[in-house]
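In what follows, a structure is listed as structure tokens, so that the remarks can point back to it.
The values are calculated or read from the model by the stated rules, or taken from the named source; none is laboratory data. On a predicted model such as this, the values are computed, not experimentally measured, just so you know. Here the Cβ positions follow ideal geometry from the backbone for every residue, glycine too, while neighbour counts run over all protein chains shown.
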């Protein structure tokens, strides 16, 4: 038996899709340019590759929204060539699951950077992240090819795209959706929650880390996990409900709306968390003549107050510029009695996350290896440069 027509508010769908497109397109384009600017300044890091993969996935999702808008304006009637329906749906849902897999890969990279700051930074390569990105594409493309088992069905005087199915098609589709729910949602969510949970525990256990930096990491972990659940859980839960009820739940269309909002949230969350991305954004703003918007965010050397430690002073200035008070960090240094080692740790951080890079062009790896050789316990912050 075919599923009944979905009683959805097409005007609401049109507004949400239009809003997601209007916000998501410029945000992700600016993020893409900022990543390119950041990559030109230093060696390409695994996090850069994973962020690029995430941005491309979000742009693919945003690029499909005009078709969604037209479909909503036509009240779920497909007026484009029938052959484009499975192709459009295939690309749309592939971008959704590519996003979840990219978020998971980023959480793993950050957890390993915190749990094994020296070992991981010595062994990680951008090529490894590229392999992970390629694997995420293969997994998403392979699973979402299920859309080709269902053809458009009748809807009034027109055609519905991927909303009504014949009995055998629906049975096959629901079973495959359940597998997608387990493999492409539950497993990535479990890995993401574990990695960010452990990351928060590791940072919270550091006695000399400023409270502001701890809060920044907690905020990153909470925001990323919350966006993951808010945007993708309802849509994936609809797979399970549909499998149990043997038909599409009527609220599934609203769950699809939530997935599009993630394309707007990702650039904001990772701009907050990535120092390299923020530097790239500042350069983009300057190139567009919008430098006055960040007039209060002066050069790090101007904010550091001549703090000894070279690049460490620049790193501290960057933290002040980004909202972490310099007085708070200096008080933390003074209370711990480790002012000079902390300065060298900040220098290691600054070489890979701050405004300057090592003379050999290796970013933070050189600073970290030198700190490790001198016996200075730089801690996870040297491996979490993008969280500063």
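For the reader, a short list of remarks on this structure follows.
- Residue match in the stretch 202-219 (condition: touching a strand residue (DSSP E or B) at 6+ places or on another chain (Cβ under 9 Å) and not in a helix (DSSP H, G or I)): no
- Residue check for residue 74: over 17 Å from residue 185 (Cα atoms) and touching a strand residue (DSSP E or B) at 6+ places or on another chain (Cβ under 6 Å): no
- With respect to being assigned to a helix (DSSP H, G or I), at pLDDT below 95 and either in contact with a helix residue (DSSP H, G or I) (Cβ under 7 Å, 6 or more places away or on another chain) or under 25 Å from residue 133 (Cβ atoms) (or both), residue 187 falls outside the description.
- For residue 170: the one exception among (1) surrounded by 14 or more Cβ atoms within 10 Å (Cβ to Cβ); (2) touching a helix residue (DSSP H, G or I) at 6+ places or on another chain (Cβ under 8 Å); (3) closer than 30 Å to residue 144 by Cα: (2)
- Qualifying residue in the stretch 241-251 (condition: under 19 Å from residue 17 (Cα atoms), assigned by TED's automatic domain parsing to the domain that holds residue 111 and either out of contact with any helix residue (DSSP H, G or I) (no Cβ under 6 Å at 6 or more places or on another chain) or surrounded by fewer than 19 Cβ atoms within 10 Å (Cβ to Cβ) (or both)): yes
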